[in-house]
Amino acid sequence: MDFKFTEENLAKIEAVRKKYPASKAAVMPVLYIAQEQNGYITKEVMDEVAKLLGINSVDVLGVATFYTMYHTNPIGKYHVQVCTNVSCMLRGGYEMLDHVVKKLGIDVNGLTSDGKFSIEEVECMGSCGTAPMIAVNDDYYENLTKEKLTEILDSLK
Ligand code: FES
């Protein structure tokens, strides 16, 4: 499906571009604006961002798929990101991931039918000293146990 920025967002993008000497450098804030408008980043969104900035779509793809704050699948009202990188893995990151999958009844990268929850397995989010951890939207939850995880997920229902 085609994607076009709203007039309001085009104005925001113009303002953002002025802050950077090269258009390529504006790709991250422009992707944020796109994600805010569309909910997640599709191929059409990436193509439009590339066209607007006069850069290659592959460069946009590289940024959109590298950083976990960009979503390339539809996400729920509560997007649960579970870290399974080294520190979290050693302290039960995969158990946490299994627990979230079972509790929500969807797979990794899945979305509940009511659109409320989605799950993503992510790389280190910089909270290694308090592993294992998850993020729900912009909030971090650390030093997790299955019990704490259950409480967190139940509180969001
Ligand atoms: S390894 Fe999980 S936050 Fe760093």
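The values are calculated or read from the model by the stated rules, or taken from the named source; none is laboratory data. No experiment lies behind these values; they were computed from the predicted model shown. Cβ placement follows ideal geometry from the backbone for every residue including glycine, while neighbour counts extend to all protein chains displayed. These accessible areas exclude ligands, DNA and RNA; they are computed on the full protein's heavy atoms, side chains included. Shrake-Rupley method; radii C 1.70, N 1.55, O 1.52, S 1.80 Å.
When the residues of the range 76-99 are filtered to those that are out of contact with any Leu (no Cβ under 7 Å at 6 or more places or on another chain) and hydrophobic (A, V, I, L, M, F, W, C), the one that is surrounded by the most Cβ atoms within 10 Å (Cβ to Cβ) is Val80. Each residue in the range 79-94 was checked for being more than 10 Å from Glu120 (Cβ to Cβ) and more than 6 Å from the ligand (Cβ to nearest atom), and 7 pass. Scanning the range 137-157 for residues that are over 20 Å from Gly92 (Cβ atoms) and either part of a helix (DSSP H, G or I) or hydroxyl-bearing (Ser, Thr, Tyr) (or both) turns up just one, Ser155. Of the listed requirements (1) within 16 Å of the ligand (Cβ to nearest atom); (2) at positive phi; (3) in contact with a helix residue (DSSP H, G or I) (Cβ under 9 Å, 6 or more places away or on another chain), Gly54 misses just one: (1).
Has the range 24-42 got at least one residue that is farther than 28 Å from Gly76 by Cα and either under 15 Å from the mean Cα position of the chain (by Cα) or open to solvent by less than 30 Å² (accessible area, probe 1.4 Å) (or both)? The answer is no, given that none of the residues of the range 24-42 is farther than 28 Å from Gly76 by Cα and either under 15 Å from the mean Cα position of the chain (by Cα) or open to solvent by less than 30 Å² (accessible area, probe 1.4 Å) (or both). The listed residues are Leu156, Leu144, Leu104, and the only one of them that is of a type in the set (A, V, I, L, M, F, W, C), surrounded by fewer than 17 Cβ atoms within 10 Å (Cβ to Cβ) and more than 13 Å from Thr68 (Cβ to Cβ) turns out to be Leu156. Within the range 112-136, if we keep just the residues that are within 22 Å of Phe66 (Cβ to Cβ) and in a strand (DSSP E or B), the residue that is farthest from the ligand (Cβ to nearest atom) turns out to be Ser118. Being buried (at least 17 other Cβ atoms within 10 Å of the Cβ) and under 17 Å from the mean Cα position of the chain (by Cα) is a description that does not apply to Thr112.
Summed over the range 57-87, residues that are in contact (Cβ under 8 Å) with a residue 24 or more places away in the chain and in a helix (DSSP H, G or I) total 6.
Applying a threshold of 6 Å to beta carbon distances and a minimum spacing of six or more residues, or different chains, the list of pairs starting in the range 92-119 at a residue that is basic (Lys, Arg) and ending at one that is surrounded by 15 or more Cβ atoms within 10 Å (Cβ to Cβ) reads Lys103/Leu153; Lys116/Gly76.
All conditions in (1) surrounded by fewer than 17 Cβ atoms within 10 Å (Cβ to Cβ); (2) over 17 Å from Ile33 (Cβ atoms) hold for Met69, with the sole exception of (2).
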